[in-house]
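Heads up: the structure comes next, in structure tokens.
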Amino acid sequence: MSVTDQRELQYIGGARQSGSGAPLTITAPATGDEIVTGAGANAADVETAVAAAQAAFPGWAGLTPGARSDLMHEWARVLRTRADEFAAVESENAGKPIRLATEFDVPGTIDNTAFFAGAARHLEGKATGEYSGDHTSSIRREPLGVIGSIAPWNYPLQMAAWKILPAVAAGNTVVLKPSELTPLTSLLFAEAATAAGIPPGVINVLTGTGAEAGQPLVEHPAVAMISFTGSTAVGRRVAATAAGAVKRVHLELGGKAPFVVFDDADPEAAARGAVAGALINAGQDCTAATRAYVQRPLFEEFVGRVAELMDQVRLGPVQDPDTDMGSLISRTHRDRVIGMVERARESGAKIVRGGRIPDHTPDAGAYYEPTLITGADQQSEIVQHEIFGPVLVVLPFDTDDEAITLANDTPYGLAASAWSRSVFRTQRAAREIRSGCVWINDHIPIVSEMPHGGFKASGFGKDMSTYAFEEYTNTKHVMSAITPAPHKPWHDVIFRTN
Ligand code: NDP
């Protein structure tokens, strides 16, 4: 049974509203059941939401950092009291196991909210000083205005939080368009902000498709910046549209994380890390371990142990606390994953485990077995392109140089891990792998204090941490003459008088 029956899928100016666009049915991916049907947002709703955000901006930006911080701390408190409800809705709407929602998505979001509540009081800049000798220079760090945020479906609540929190902590207001597939916790997140006392219009949520709601949001002249998380293909389009208006963009795009196991690594730790890193959120994680490169002496042992561990992963109903892995987001997406695995099989790769739809899950769901592949070519689709499913490809390597080269050999650069007991090898990997994060002897953990963001085709700009303020603020230099003298020494360069 559905955990929510709220049919108004827009949140504008502090209240739920119906959209003006085409009908939208939100379904539970694990069962195919309808959760709710409502009207989606279109360009008219974008107008209303942007107007609400514009109206709220002066008041919100004008609060002291301490006042914004207090309201955001209260928001975190409201979230704590509603954690179970958020987890249930997230689990149902995204098809993810309740354990993952309860122990990862929701506490992560609460911690992020509390972190940015504190960080709101710590915007940084250079010390005010007399750098020219004749002037006092100071830095103002100012919010940009209305931020348009666009988020994907894989971690709906966390993505909403990553987009909204640094923006509002810095004094901006936001119009968020979550994925039309998974808007429910974004709506609850905005409602919790209002319940905490954050003024109406500071946070608005538009549920609609990319074409009907996303595109008009990107194009809107009153939107100062677009913060986008999603695929590289759509990110490219968003950036091209924003370029027309010289609008700032922040792009968190796809990933294809390498997982490099040197021959002195702990094989059990590496195998366990690979299974957890590849199967988290059914592999629908932009930092998921997707390409394991294993030094030849450990290769067979690693593949064997990963296969054994994958056999132990329990697929089942998402509300069952014993379920390890849930559904993919949709059957359409599962068809894409199946297509990639089948093309790998046809091109000679070996499917060691999985590669099929499981027998004992609901037909209308979108489950897929944990899948382990060897024998793929480095340049093949399965190694080069994002799968976004529970699929790990393992390839051997011989030398350390080769491992680094292979790890860097895709267009992406979001995350990576290196496994070794040698500090020299791990430090080299940290230095030479081109990605926004390199884990050493682990893969996946994130913390609110540290940045998340890509290199190369994985985009630019940072989510989480105080580095995110670089995206959502403008630095203004204020330079004041320190004497009233009408003749400044530097005038002599231009015109010299007696
Ligand atoms: P998409 O790129 O397909 O969609 C992302 C968002 O963009 C959705 O809300 C979508 O709307 C919207 N959108 C689509 N077209 C347009 C448009 N023309 N203008 C404005 N908005 C548009 O990604 P997915 O939702 O399929 O998510 C998976 C992708 O997200 C993967 O590539 C993954 O790697 C990436 N991702 C990256 C992360 C990172 O931090 N780097 C984190 C998480 C995911 P709708 O779908 O509702 O039509």
Nearest-0.05 FRET efficiency for HIS477 and ALA22 at R0 = 51 Å, using Cβ-Cβ distance, is 0.60
For LYS126, the lysines lying under 24 Å Cα to Cα, once residues fewer than eight places off in the same chain are dropped, come out as LYS462, LYS476
With +1 at each Lys and Arg Cβ and -1 at each Asp and Glu Cβ, the charge dipole magnitude of region 26-173 around its Cα centre, to the nearest 20 debye, comes out at 360
For HIS487, the accessible surface traced by a 1.4 Å probe with all protein chains present amounts, in square angstrom to the nearest 10, to 80
If unit charges are put on Cβ atoms (+1 for Lys and Arg, -1 for Asp and Glu) and the dipole of the chain is taken about its Cα centre, the option from ALA160, ALA170, VAL423 lying farthest towards the positive end turns out to be ALA170
In nanometres, the difference between 0.36 nm per residue of separation and the alpha-carbon distance of ARG7 and GLU85 is 26.4 nm
Burial-style ranking of 426-434, 159-167, 289-297, average other-beta-carbon count within 10 Å with highest first, yields 159-167, 289-297, 426-434
With all protein chains present and a 1.4 Å probe, the order of MET325, MET450 from largest accessible area down is MET450, MET325
In Å², rounded to a whole number, the accessible area per residue of the chain with probe 1.4 Å is 40
Given Cβ charges of +1 for Lys and Arg and -1 for Asp and Glu, the option among LEU253, GLY118, TRP490 whose Cα lies farthest towards the positive end of the dipole of the chain is TRP490
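About its Cα centre, what dipole magnitude does the chain give when the only charges are +1 on Lys and Arg Cβ and -1 on Asp and Glu Cβ, stated in debye to the nearest 20? Write down the numbers at each step before the final one.
Values: 42 positive and 57 negative charges, 300 e Å.
Dipole of the chain, to the nearest 20 debye: 1440 debye.
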So for R0 = 41 Å, FRET eff. of ALA222-THR399 from the Cβ-Cβ r, to 0.05, ends up at 0.15
Nearest 10, in degrees from 0 to 90: the angle of helix 65-81 to the longest Cα principal axis of the chain is 30
In debye to the nearest 20, the charge dipole size for region 279-423, taken about the Cα centre with +1 at each Lys and Arg Cβ and -1 at each Asp and Glu Cβ, equals 160
Sorted on mean Cβ neighbours within 10 Å (highest first), peptides 452-463, 302-313, 128-139 come out as 452-463, 302-313, 128-139
Rh_Kirkwood(the chain) over Cα pairs, Å, one decimal, evaluates to 23.9
By accessible area (1.4 Å), largest first, LEU184, LEU406 order as LEU406, LEU184
Between the residues VAL337, ALA289, LEU279, the Cα farthest towards the positive end of the dipole of region 259-365, that dipole coming from +1 and -1 charges on the beta-carbon of Lys, Arg, Asp and Glu, is from VAL337
Taking 0.36 nm per residue of separation between SER138 and GLU34 and subtracting their Cα-Cα distance, the length gained on full extension comes to 31.9 nm
Between the Cα axis of helix 106-119 and the main Cα principal axis of the chain, the angle (0 to 90°, nearest 10) is 20
Taking R0 as 22 Å and r as the Cβ-Cβ distance between PHE460 and GLN384, the FRET efficiency 1/(1 + (r/R0)^6), rounded to the nearest 0.05, comes to 0.60
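The values are calculated or read from the model by the stated rules, or taken from the named source; none is laboratory data. This one's a predicted model, so the numbers in the text were calculated from it and none came from an experiment. As a convention, Cβ positions derive from the backbone with ideal geometry for all residues, glycine included, and neighbour counts pool all protein chains shown. For the accessible areas, the whole protein counts, side chains as well, though only heavy atoms, and no ligand, DNA or RNA atoms are used. Shrake-Rupley method; radii C 1.70, N 1.55, O 1.52, S 1.80 Å.
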